Amino acid sequence: MRAVFDTNVLVSAFLFPGGPPEAAYRLALERRIDLVTSAPLLAEFGRVLSAKFGRDLRAVSEAVAQVAAIAVVARPTEHVCEIEEDPDDDRVLEAALAGRAGVIVSGDKHLLRLRTWRGARIISPAVLVAEVDSP
């Protein structure tokens, strides 16, 4: 299963251990799913860790490097304008399209409201974990 994680999922996985986002990220670490990302998503992840949560440059660099090391880094070629309320969410859709992801994992209401987009299901981290862990 190829899955793109929205930035909110990655931030929660790194900063708030013990919840579904961390469990979802652990699936990628254990290679039970194929994580897909892109340079714009990695940059946003770093910006949020630094600007919003005050993480120092070294911690931010290590977190971004870890995600880049375990993920397929897709190169979006199509510019998407789907989410008027939050255009940054379009970067997630672009990564999913370029990386041929079948699943988008997010806690964002704008994305979750879509439910599917161009064949990719949009689900919460808890749903992903339940699906992968079910027999």
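Here, each number is a calculation from the coordinates, and none is a lab measurement. The shown structure was predicted, so the numbers you read here are calculated from the model rather than taken from an experiment. Cβ placement follows ideal geometry from the backbone for every residue including glycine, while neighbour counts extend to all protein chains displayed.
If we count other beta carbons within 10 Å of each Cβ, what is the order of 127, 9, 105, fewest first? Don't skip to the end; give the middle numbers.
On the way: 127 16, 9 26, 105 32.
By the 10 Å Cβ count, ascending, the order reads 127, 9, 105.
Starting from the Cα-Cα distance between residue 132 and residue 32, subtract it from 0.36 nm times their residue separation and give me the gain in nm to one decimal.
On the way: separation 100, 0.36 × 100 = 36.00 nm, distance 0.78 nm.
Here the segment from residue 132 to residue 32 would lengthen by 35.2 nm.
With helices defined as uninterrupted DSSP H runs, which ones in the chain have an alpha carbon span along their own long axis of at least 24 Å and mean Kyte-Doolittle hydropathy of at least 0.0?
Working: long enough: none.
Counting only whole DSSP H runs, no helix qualifies.
Using only alpha carbon pairs under 8 Å that are at least six residues apart, calculate the relative contact order of the chain and give it in whole percent. Working shown, then result.
Working: 221 pairs, mean separation 42.2, N = 135.
Value for the chain: 31 percent.
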Rg and Dmax [Cα atoms of the chain; Å; Rg one decimal, Dmax integer]: 13.7, 41
